[in-house]
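Everything below concerns the one structure shown next.
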Ligand code: PMV
């Protein structure tokens, strides 16, 4: 082996039950469940050359340009978790990454980028060890989690559960497990129209946000509710109760942002247009009986979730009523990855 080249694509995901608050080495304080998306993804390629030493080096390029911020993040990840990456010794790595979603959308999906990186690293491990078996996705999820918690969920299609919960025997805080086998067909058709309210970098990062849950006066209640919502959602995912899905999804999104509003110091990531869109979605649902609902990440953009059967109606609603509240009329039309 003189020079090898590997590549991987990995998607973003959107949590319905949210992970917010962690301990130890990226362990979640409550379980979370997400849809795996398909159109928002990261493509990563790693070229590795032997350097004749027992050390490794790496250079990271994002869309063709050096990216010191990501370079530092990846270097730290590899050093902190070096017990899993012994196979990199003696290699010079050139990592190149690009995203499918536009720069101007303000979406920075560490879930997609970190899971794509891990999948590439695991491919290198296979080549170095001359191991022809396929990648162990549980290991991929485990290593992705160590890079960015929510990335643990991106390696499985359709839906994933990360975090131990009583009704799923193989669930774990260490890695995510696929939910595809239990998910009612209706949820496999879900769309996620991402309404881009702002493309600015977040004023408070997720890393800081998680840490503000330590000592938060409402933290224990939040974790209890999230654990209950995980079990409720698992039932809903089996029985296809779309109305109950809406109740859980919207409550979770609201609670996530309430945690931010009541932390010390308090902060808000929603913008006036986020609230405007949420209100319009609720009215649209009431009047049209279309089961569309919203969820939010740690940011101002609104994720509008709905089954494929209502695609036409929802697209028209977005065009006529919501795009005006989006930055540059931007909406990213994503769907669940099969
Ligand atoms: O994976 P992190 O550390 O970027 O945290 C993600 C947190 C949320 O996106 C707000 C919720 C989630 O479960 O994805």
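Read-outs: derived from the displayed coordinates by stated rules, not from any lab. All values reported here derive from a predicted model rather than from experimental measurement. Cβ atoms come from the backbone with ideal geometry, glycine included; neighbour counts cover every protein chain shown.
Data overview
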{"read-out": "Residue list for the range 29-60, given a label point 7 angstrom along the Cα-to-Cβ vector of residue 2 and an amide N cut-off under 18 Å", "value": "47-53"}
{"read-out": "D (Stokes-Einstein, µm²/s), Kirkwood Cα radius, the range 42-86, 1.567 mPa s at 4 °C", "value": "108"}
{"read-out": "Helix-only CD estimate at 222 nm, as mean residue ellipticity for the chain, using -39500 (n - 2.57) per DSSP H run (n ≥ 4)", "value": "-11000 deg cm²/dmol"}
{"read-out": "Cα-projected label distance for residue 228 with residue 315, points at 7 Å along beta-carbon direction, nm", "value": "4.0"}
{"read-out": "The range 57-105: relative contact order in percent, alpha carbon pairs under 8 Å with at least 6 residues between", "value": "57"}
{"read-out": "Where Rh is the Kirkwood radius over Cα pairs, Rg/Rh for the range 278-338", "value": "0.93"}
{"read-out": "Rounded, prolate or oblate (a/c below 1.5 giving rounded, otherwise prolate when a/b exceeds b/c) for the range 90-206 by Cα gyration tensor", "value": "oblate"}
{"read-out": "Cα-based convex hull volume of the range 59-112 per residue, rounded to whole Å³", "value": "98"}
{"read-out": "Global geometry of the range 141-232, whether rounded, prolate or oblate, following the gyration tensor of its Cα atoms and the 1.5 cut on a/c", "value": "oblate"}
{"read-out": "Taking the C-alpha atoms of the range 1-69, convex hull volume expressed per residue in Å³", "value": "168"}
{"read-out": "Reference-scaled alpha-carbon Rg (2.2 N^0.38 Å with N residues) for the chain", "value": "1.00"}
{"read-out": "All-pairs alpha carbon distance profile, the range 3-181, 10 Å steps from 0, percent", "value": "10, 38, 35, 15, 2, 0"}
{"read-out": "Angle in degrees between helix 137-147 and the longest Cα principal axis of the chain, rounded to the nearest 10", "value": "90"}
{"read-out": "Relative packing of 31-41, 91-101, 307-317, which averages over residues the other C-beta atoms within 10 Å, highest first", "value": "31-41, 91-101, 307-317"}
{"read-out": "Gaussian network model of the chain, springs between alpha carbon atoms under 10 Å - residue of 259, 213, 58 with greatest fluctuation", "value": "58"}
{"read-out": "Computed over the range 182-335, the ratio Rg/Rh where both radii use C-alpha atoms and Rh is Kirkwood", "value": "0.98"}
{"read-out": "Rounded D (µm²/s) - the range 83-136, Kirkwood Rh over Cα pairs, Stokes-Einstein at 10 °C, 1.306 mPa s", "value": "121"}
{"read-out": "Extended-chain gain in nm, criterion 0.36 nm per residue less alpha-carbon gap, residue 181 and residue 63", "value": "38.9 nm"}
{"read-out": "Contact order normalised by residue count of the range 3-181, Cα under 8 Å, 6+ apart, percent", "value": "27"}
{"read-out": "Folded to 0 to 90 degrees: helix 272-288 orientation relative to the chain principal axis, Cα", "value": "60"}
{"read-out": "Computed label-point distance, nm, for sites residue 39 and residue 80 using a 7 Å Cα→Cβ extension", "value": "3.3"}
{"read-out": "Calculated FRET value between residue 221 and residue 282, using beta carbons and R₀ = 41 Å, to 0.05", "value": "0.95"}
{"read-out": "Residue-span extension gain [residue 268 to residue 131] - 0.36 nm each, minus C-alpha spacing", "value": "44.5 nm"}
{"read-out": "Acute angle (nearest 10 degrees) that the helix 68-80 long axis makes with the longest principal axis of the chain, alpha-carbon atoms", "value": "70"}
{"read-out": "Whether the range 216-267 is rounded, prolate or oblate, judged on the alpha carbon gyration tensor where a/c under 1.5 counts as rounded", "value": "oblate"}
{"read-out": "Mean separation of Cα contacts under 8 Å (6+ apart) over length of the chain, as relative contact order %", "value": "22"}
{"read-out": "At q = 0.18 Å⁻¹, base-10 log of I(q)/I(0) for the range 150-199 (Debye sum, equal scatterers on each alpha carbon)", "value": "-0.67"}
{"read-out": "Net length gained if the chain between residue 289 and residue 241 were fully extended (0.36 nm per residue, minus Cα distance)", "value": "15.8 nm"}
